[in-house]
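Sending over a structure as structure tokens; questions will come in a sec.
Any read-out appearing in this document is the output of simple, stated calculations on the displayed coordinates, not a laboratory observation. Since the model is a prediction, treat every value here as computed from it, not as a measurement. Every residue, glycine among them, receives a Cβ derived from its backbone with ideal geometry; neighbour counts consider all protein chains shown.
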Amino acid sequence: MNDHKKTVYLASINHAIPPYWQNMANDLGSAVNFAFPCIEIAIDLNLFYSEERGQYHSTLILSKILNRLPKNGEKIIGVTNVDIFVPILTFLFGEAQLGGKGAIVSTCRLHNEFYGLPQDDRLLYARTIKEVLHELGHLLDLVHCRDYECVMHSSTYVEDIDLKKPQFCPVCQSILTTD
């Protein structure tokens, strides 16, 4: 029997470290049986900035994140604090390659302050965990789920994230365990 856990690197991009970052690997490991080593990567995000939109193109950043995947890692999820987009959407909380090796999560719109509300580091952390799990689900071939409490439910608004639990519903979990 192989006790080797799959390794998913959590990459803080340009020191974008959300509150409670030191707890993230352990909390994510409680939700899925993977190892989550944290690394720091530097990327010149200005190369991916759109003056027209005032945002950063996430797919282009993701290509750079993938170049930084350590040899012993199966997957990498970059965490940034800049506002990200793809051309067909107004904004994103995150982007992942379905069944692929890389994803990106932005904490920009996860902050209460973005909406003119008081700072709440615990809420920001909870939202970040859910978004990292959501993007990891996509990396593991999961698509959006109809269960609004499942971490794989699509989130159009930050309030949708708040309704989710930081875990996969029984249906999504069964898909993960049959692989």
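Take the alpha carbon atoms of region 108-175, find their center, do the same for region 73-95, and report the distance between the two centers in whole angstrom.
First find each Cα centre; the distance between them is then 13 Å.
Could you give the nm distance between label points at Glu159 and Arg53, where each point is 7 Å from its Cα heading toward the beta carbon?
Output for this residue pair reads 2.5 nm.
In the chain, what cysteines have no partner Cβ closer than 4.7 Å?
Cys38, Cys108, Cys172
Of the lysine pairs in the chain, how many meet both conditions: Cα atoms under 20 Å apart, and a spacing of 8 or more in sequence or different chains?
Taking the Cα cut-off of 20 Å, the pair count is 15.
Set the Förster radius R0 to 22 Å, insert the Cβ-Cβ distance between Asn46 and Phe91 as r into 1/(1 + (r/R0)^6), and round the FRET efficiency to 0.05.
E between Asn46 and Phe91, to the nearest 0.05, is 0.70.
Oh, and also: At 7 Å along Cα-to-Cβ for each site, give me the label-to-label distance between Ser63 and Lys6 in nm.
Taking the simple label geometry, Ser63 and Lys6 are separated by 2.6 nm.
Moving to a separate point now. For the residues Lys164, Lys71, what sequence is obtained by ranking on other C-beta atoms within 10 Å, fewest first?
With the fewest neighbours first, Lys164, Lys71 line up as Lys71, Lys164.
Please give, to one decimal in nm, the separation of the simple spin-label points placed at Gln119 and Thr177, each 7 Å out from Cα toward the Cβ.
Spacing of the two 7 Å Cα→Cβ label points: 4.1 nm.
Starting from 0.36 nm per residue, how many nanometres of slack lie between Leu98 and Tyr20 once their C-alpha separation is accounted for?
25.3 nm
Over all Cα pairs of region 14-59, how is the pair count split among 5 Å bins, expressed in % and running from 0 up to the last occupied bin?
Calculated P(r), rounded to whole percents: 5, 17, 18, 17, 16, 14, 9, 5, 0.
Expressed as a whole percent, how much of the Cα-Cα distance distribution for the chain exceeds 21 Å?
45 percent
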